[in-house]
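What follows is a short report on a single structure.
The values are calculated or read from the model by the stated rules, or taken from the named source; none is laboratory data. This one's a predicted model, so the numbers in the text were calculated from it and none came from an experiment. Please note: Cβ atoms are built from the backbone with ideal geometry, for glycine as well, and neighbour counts cover all protein chains shown.
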Amino acid sequence: MSHSIAFDTLSSMRRLREAGFTEQQAEVQTRIIAELVDDRLATKQDLKELELRIELRMTAELAPLKWSAAVTVAGIVALILKTFFPH
């Protein structure tokens, strides 16, 4: 991921201690959560960047199909014109 998500480690440790965790347990648990948040969660910016990459890829992959469809439609129109309006 390219951006960090804010995680309040001090508040986490305080809440765990208030819930009965020892200082060491609260510290380890908070460290584990902070690592998971940093390594595994996507930010809104991450999702926007992914959306842009997918959009660009789809545009690039669909471009040839657009031209094929345009050529096909032009051919059909030419055939209809030739059929109904012969010279």
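Some points to look at:
- 2 or more residues in contact with an Asp or Glu (Cβ under 7 Å, 6 or more places away or on another chain): qualifying helices (runs of 4 or more DSSP H) within the chain: 9-18
- Looking across segment 37-59 at every residue that is hydrophobic (A, V, I, L, M, F, W, C) and modelled with pLDDT under 90, the one that is nearest to T9 (Cα to Cα) is identified as V37.
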